[in-house]
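The structure appears below as structure tokens.
The values are calculated or read from the model by the stated rules, or taken from the named source; none is laboratory data. Predicted, not measured: the structure shown is a model, and the values here were computed from it. Heads up, the Cβs are rebuilt from the backbone with ideal geometry, glycines too, and the neighbour counts pull from every protein chain shown. The area values use the complete protein model at the heavy-atom level, side chains included, leaving out ligands, DNA and RNA. Shrake-Rupley method; radii C 1.70, N 1.55, O 1.52, S 1.80 Å.
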Amino acid sequence: MAAQRIRTLMKAARQLGLRQMADYALYALQLRSGWLRLRTPAGGRAQPPSALQRIIEPAAPAVLRRLLGTRQREVLAAADEVLRGQVRLFGGPPRRLALARRTPQQHWTQYTRSLPDGEDIKPVWELGRLGWATLLARAYWLSGDERYARAWWQRVQRFLAANPVNCGPHWSSAQEVALRLLALSFSFNLLAEAQASTVARQAWLSQALAAHAARIPISLRYARAQNNNHLLSEALGLWTAGLMLPDHPQAAQWQRLGRQHFIDGVRRQVAPDGAYSQHSANYQRLMLQLATWATALARAEAQPLPRATLAHLQQACRWLFGLLDERSGQAANLGPNDGAYILPFSVAPFADYRPALQAAAWALGVTGLPAGPWDELPLWLGLAAPRGTQRTSAAARKTRAPLRLERGESWAYLRAAHFNGRPGHADQLHLDLWWRGLNIALDAGTYRYTAAAPWDNALASTAVHNTLMLAGREQMQRAGRFLWLDFAQACVLQHSRQHASAEHDGYRAIGCIHRRSVLALPQAWRITDEVLGDTQGQRGRLHWLLPDWPWQLHGDTLQLRSPRGRIEIQIEGQALSLLRAGQRLHGSAASSPIAGWVSATYGSKQPALALIAEPYDGALHKITTYFRLPA
């Protein structure tokens, strides 16, 4: 076992890079030696009070009320839930707003891997990001009702008193500290003139912001090792604190360090085609929200982002537009989705990507959406709508970076990535299919990161994506809950608006290549999967994840009754099985507890239909699937 672990570590060093491995190793040494505990004493070090500077100029309340119309009641109703002691996490149902934890708070270094009682740390962190507090601030700005301002100060002060500096899980990740700092800063920009925002309370907030900023640099090495949204978030936390607290002795250093790390992070994490290093639609949105905030900081200090940084971010915005279903506002649920949504300043639901994309488009000078309710988020951030055709040309919003195909009322996305960063899911040649605002061929999502088997990040598997699985093997070696090695690399062979083909080498160890061709036909999509190479004895299976709609299976054709008409999925010459919620409904394919589930956001899963096609006998060579859509 020890020898195998050493071999895995050596392989990870070769494939991930020595810089990342060295940064992580040194962070781990600092953690285990007690050095980090020494540098961040419980309760923190005394911080001098500083004047608070507003860095965002939100649109006037009248402008926001005019945009929202009757929907401003939704903002007030959500804030009223918080007044009643309820909160919604990850866009889910109301739950108790627990400002204090039941167990005594230990030093943050005791919570770096998990909570002592095995509790999932993600919902705890989500509460600590203070999205619920920004609801109170927005309600005050819209209504002028002092109840919301008083409640903001009372609840935020209670929360921070119950979670002292450097104590408890809310201080265990510097990213969480940074995101909380952003929420506090945004809220103050709305509450600065409230009667409840007394001089004493503002002095307290300035010290709280300084304590948050002081926590971040200590573990920046870990963020650099991750080379993902951790680094960008923590950089923005420092940058924000430096601007919010201009009189603080460390303000200039925080501002310089934060800006520098953000710009360097964008350079390293955003590929030339705009794809983000975490290979996830939700993380791409998170990164763009951070970028939108960064443009506000650059405006506040009257120093624009470098042209190269701006160009990377503009392409990243166009890339995500390529995954957007404009009819529903949803996007293909590509890669890890832990429910992160750090600027929840919109009445639109979590699954609607239009507010974040509109804000990023306005901030970065990219062609955005036509005027609509999704303009709310950019108005909260003080962004101005671009003029002319930037808001009207749908074609200009599309980019050929993602393999997007379109015909009529349907479109498809073919996953074909070349990994320069760590993959999140083993999902090469996965296909997402959308029609009339409905997601027909689904990505299963994530569900949970930490849970009892089989739900410990299980939906990252090749087995539950819409692709081929050969010889029961994953496309890549799974070396940990979040670590894949021996990356499966894809090559795009052809791409036009209605046809694409690509292949990947994830099965090279058994001498095989998986090639997929996707063609848009009138009222149908044809997907052809081929296995090239030595297929002798290499059995395989094709998986399609479909919505949980009424179904009938006749021979080689599955019929689904969708809300907008009957859909047929035909797979020629194969043995078909149907699974739902881990149970087999038809056929002989082996059942699996993770098959037939879809997770739209973190901690939530719903039944779906998993259609499995396997050869009647012998090895798998070629399979053709037709999705037939009604006129």
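Could you sort 427, 617, 556 by accessible area so the largest value comes first, with the probe set to 1.4 Å? Please list the in-between numbers first.
Numbers: 427 5, 617 120, 556 50 Å².
From most exposed to least exposed: 617, 556, 427.
In the full protein context, the stretch 165-237 carries 21 Å² of accessible surface per residue, based on a 1.4 Å probe and ignoring ligands, DNA and RNA.
Set the Förster radius R0 to 22 Å, insert the Cβ-Cβ distance between residue 112 and residue 161 as r into 1/(1 + (r/R0)^6), and round the FRET efficiency to 0.05.
On the way: r = 23 Å, r/R0 = 1.06.
E(calc), rounded to 0.05, equals 0.40.
Computed 3J(HN,Hα) for the stretch 273-281, one whole-Hz value per residue from the Karplus formula 6.51 cos²θ - 1.76 cosθ + 1.60 where θ = phi - 60°, is 7, x, 5, 8, 5, 8, 6, 8, 5, glycine and proline marked x.
For the stretch 120-137 versus the stretch 460-485, the spacing of their alpha-carbon centroids is 32 Å. Once backbone amide H atoms are built at 1.01 Å from N, residue 484 has 479 as its partners under 5 Å, excluding neighbours fewer than 5 places away on the same chain.
When only alpha carbons are used to place a centre, the stretch 593-612 and the stretch 318-342 end up 18 Å from one another.
The calculated FRET efficiency for the pair residue 409 and residue 29, based on their C-beta separation and a Förster distance of 35 Å, comes to about 0.05.
Model label sites at residue 5 and residue 84, defined 7 Å from Cα along the beta-carbon direction, differ in position by 5.0 nm. Reducing the stretch 227-288 and the stretch 518-535 to their Cα centroids gives an inter-centroid distance of 41 Å. Would you calculate a helix-derived [θ] at 222 nm for the chain, using -39,500 (n - 2.57) for each DSSP H run of n ≥ 4 and dividing by the full residue count, to the nearest 500? Theoretical 222 nm ellipticity from helices: -11500 deg cm²/dmol.
Couplings 3J(HN,Hα) of the stretch 617-625, computed from phi: 7, x, 7, 8, 10, 8, 9, 10, 10 Hz, in residue order, whole Hz [Karplus 6.51 cos²θ - 1.76 cosθ + 1.60, θ = phi - 60°; x for Gly and Pro].
Kindly identify the stretch 5-75 as rounded, prolate or oblate by the Cα gyration tensor criterion: order the square roots of the eigenvalues as a ≥ b ≥ c, call it rounded if a/c is under 1.5, otherwise compare a/b with b/c, prolate if a/b is larger, else oblate. Mind showing how you got there, number by number?
Values: a/c = 3.87, a/b = 1.85, b/c = 2.09.
In terms of gyration-tensor shape, oblate.
With the charge dipole of the chain set up from +1 on Lys and Arg Cβ and -1 on Asp and Glu Cβ about the Cα centre, the Cα lying farthest toward the positive end among the listed residues 175, 271, 408 is that of 175. Apolar share of the accessible surface for the chain: 51 percent from carbon plus sulfur atoms, 1.4 Å probe.
Farthest towards the positive end of the charge dipole of the stretch 1-144, among the residues 143, 104, 62, is the Cα of 104, using unit charges on the Cβ of Lys, Arg, Asp and Glu.
Relative to the longest principal axis of the Cα atoms of the chain, the long axis of helix 72-83 makes an angle of roughly 70 degrees.
Close amide H pairs (under 5 Å, H built 1.01 Å from N) link residue 115 with 121, residues at least 5 positions away or on another chain. The long axis of helix 199-215 is offset from the longest Cα principal axis of the chain by roughly 50 degrees.
Using a probe of 1.4 Å, the accessible surface attributed to residue 622 totals some 120 Å² when neighbouring protein chains are kept in position. Simple rule: put +1 on each Lys or Arg Cβ and -1 on each Asp or Glu Cβ in the chain, find the dipole, and look at 317, 290, 335; the Cα lying farthest toward the positive end is 290. For the chain, the longest principal axis of the alpha carbon atoms and the long axis of helix 131-143 meet at an angle near 60°. Recomputing log10 I(q)/I(0) by the Debye sum over Cα atoms at q = 0.07, 0.08, 0.09, 0.10 Å⁻¹ from the coordinates shown identifies the correct label among [x] -0.54, -0.70, -0.87, -1.05; [y] -0.45, -0.59, -0.75, -0.92; [z] -0.62, -0.82, -1.03, -1.25 as [y].
When 312, 170 are compared by accessible area of protein heavy atoms, the largest-first order is 312, 170, using a 1.4 Å probe. Distant-in-sequence amide contacts of residue 403, defined by a placed amide H-H separation under 5 Å and a gap of 5 or more residues or a different chain, comprise 414, 416. Based on Cα contacts under 8 Å between residues 6+ apart, the stretch 213-365 shows a relative contact order of 23 percent. In order along the stretch 369-380, the phi-based Karplus estimate (6.51 cos²θ - 1.76 cosθ + 1.60, θ = phi - 60°) of 3J(HN,Hα) comes to 7, x, 4, x, x, 6, 6, 4, 4, x, 5, 4 Hz; Gly and Pro are listed as x. An oblate overall shape is assigned to the stretch 490-560, the ratio a/c of its alpha-carbon gyration tensor axes (a ≥ b ≥ c) being 1.5 or greater and a/b not exceeding b/c. Applying a DSSP loop filter and a limit of 14 other Cβ atoms within 10 Å to the trypsin sites (Lys or Arg not before Pro) in the stretch 87-155 leaves 102, 113.
Sequence gap at least 6, Cα distance under 8 Å: using those rules, report the relative contact order of the chain to the nearest whole percent.
10
Give the shape of the stretch 557-625 as rounded, prolate or oblate, defined through the alpha-carbon gyration tensor: a ≥ b ≥ c are the square roots of its eigenvalues, a/c under 1.5 means rounded, and otherwise the shape is prolate if a/b is larger than b/c and oblate if not. Verdict is oblate for the stretch 557-625. Considering only alpha-carbon pairs that sit under 8 angstrom and 6 or more positions apart, the relative contact order computed for the stretch 1-124 is 16 percent.
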